[in-house]
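Here is the structure we will look at.
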Amino acid sequence: MIKEDSKKITIALAGNPNSGKTTIFNNITGSHQHVGNWPGVTVEKKDGFRDHHGYNIKVVDLPGVYSLTAYSPDEVVSRNFIVDDKPDVVVNTIDASNLERNLYLTVQILEMGAPLIIALNMMDMVEATGHHINVQALSEEIGARVVPMTASHNKGTDDLLKEIIDIYPGKQQHTLFKLNYGHEAETEIAKLEKVIENSPISQKYIPRWLAVKLLEQDEDIIKKFKKAGTAYDDIIKAKEDSIAHLQSIYSDDAESIIADARYGFISGLLKDVLKKPPVERLTISDNIDKVLVNRWLGMPVL
Ligand code: GDP
Ligand code: MG
């Protein structure tokens, strides 16, 4: 039962497959769960709720994805929920022991302008392998709250709930994340923002995000502009011109240029926040290689 006087918060859980989304979902909602389908697609929809400190928190478990392009129904469902339903908070579950790969999705969620909290999960794995993550630095560099967790031991759930309530609209200003794509791409992004500015689509979504999506040839976004009608031919022409211009300068397609810039940002970030153990222990396959090499050389095996 939802109490009459409780304030409602809707959160979406977004993350790579196996980042611990379901575990965190279960920790938050317990037995208050409902499973159905997303409208129009055979993608499972799971939601649940939790009453906490006078708030009714609705939790929507989005499909696990690595990216937010429009290549799969899972990706379209995830990002449409974030940009269309505008949950109060997006909780991005991250497998902290695979930080680089997981942050690729994080960057894309940030670019959508969603208020974000990072559930930095699998901290037990990070510690077990002798790695160290500077949580404070990570939080500062991406401009989002970061909650270290070990969901499989139900560690961090209360901290996460506290941050969710704390970021709730009206309580906290959130700054728009802006990744720098380099001078040439930024010039094209600015041009595209101008061309799309009178389209109703630009009232609904963040224009910069739309411009980047156009450079990425995102079919779902192109369809949205087509449906809206306004300046559609101009938008398509501007998009083609921009892509051709970037191609001529970088000898690479715009989609790759965008992806490379995201990876560049992430690798810079990792240098600041991730400390590897001083000596990496040899993996099993390294040891086998060593034995084989030594046999080949006829030297005594270690
Ligand atoms: P999902 O695919 O994102 O929904 O991930 P799941 O919640 O199903 O978790 C994937 C696997 O990781 C499961 O076997 C979980 O038990 C495990 N897992 C979840 N959280 C943690 C954690 O913090 N540490 C460790 N070591 N394993 C975890
Ligand atoms: Mg799951």
Nitroxide proxy distance, nm - points 7 Å out along Cα→Cβ at Q217 and K86
3.2
As a test of the formula, what do you get for the chain when each DSSP H run with n ≥ 4 contributes -39,500 (n - 2.57) and the sum is divided by the residue count, at 222 nm and rounded to the nearest 500 deg cm²/dmol?
-14500 deg cm²/dmol
Could you work out the per residue convex hull volume over the alpha carbons of the chain, in cubic angstrom?
180
Using the Kirkwood radius over Cα pairs, work out the Stokes-Einstein diffusion coefficient for segment 80-180 at 4 °C and 1.567 mPa s, in µm²/s as a whole number.
92
Binning at 5 Å from 0, report for segment 201-287 what percent of all alpha-carbon pair distances ends up in each bin.
3, 12, 16, 16, 12, 11, 8, 6, 6, 5, 3, 2, 0
What does the charge add up to near L110, with Lys and Arg as +1, Asp and Glu as -1, over the other residues with Cβ less than 13 Å from its Cβ?
+3
Excluding residues fewer than 8 places away in the same chain, name every one of the lysines whose C-alpha is closer than 21 Å to that of K237.
K191, K194, K213, K223, K224, K226, K227
Leaving out same-chain residues fewer than 8 places away, which lysines sit with a Cα under 23 Å from that of K58?
K3, K7, K8, K21, K45, K46, K86, K155, K162, K171
Based on the alpha-carbon gyration tensor of segment 1-80 and its eigenvalue square roots a ≥ b ≥ c, which shape applies: rounded if a/c is under 1.5, prolate if not and a/b is larger than b/c, or oblate?
prolate
Just the number: Rg to Rh for segment 134-271, Cα atoms, Kirkwood Rh, two decimals.
1.07
Have a look at E75, E111, E219 and tell me which one the Gaussian network model of the chain (Cα, springs below 10 Å) gives the largest fluctuation.
E219
Which helices of the chain meet both criteria: a Cα extent of 24 Å or more along the helical axis and a mean Kyte-Doolittle score no lower than -0.5, with helices taken as whole DSSP H segments?
232-250, 254-273
Taking every DSSP beta bridge that has both residues in the chain, what percent is antiparallel when rounded to the nearest 5?
40
Expressed as a whole-number percentage, the relative contact order of segment 59-196 with C-alpha contacts under 8 angstrom and at least six residues apart is 20
Compute the length gained on full extension between K162 and S31: take 0.36 nm times their separation in residues and subtract their Cα-Cα distance, giving the result in nm to one decimal.
45.1 nm
How high is the FRET efficiency from H52 to Y232, r the C-beta distance, R0 45 Å, rounded to 0.05?
0.45
Over the residues of segment 12-145, compute the C-alpha Rg and express it relative to 2.2 N^0.38 Å.
1.04
Length-normalised contact order of segment 89-153, Cα under 8 Å, at least 6 apart, in percent, tallies to 36
Considering only the other residues whose Cβ falls under 13 Å of the Cβ of E75, what net charge follows from Lys and Arg at +1 and Asp and Glu at -1?
-3
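The numbers here are math on the coordinates, done by the rules we state, and not lab data. On a predicted model such as this, the values are computed, not experimentally measured, just so you know. Every residue, glycine among them, receives a Cβ derived from its backbone with ideal geometry; neighbour counts consider all protein chains shown.
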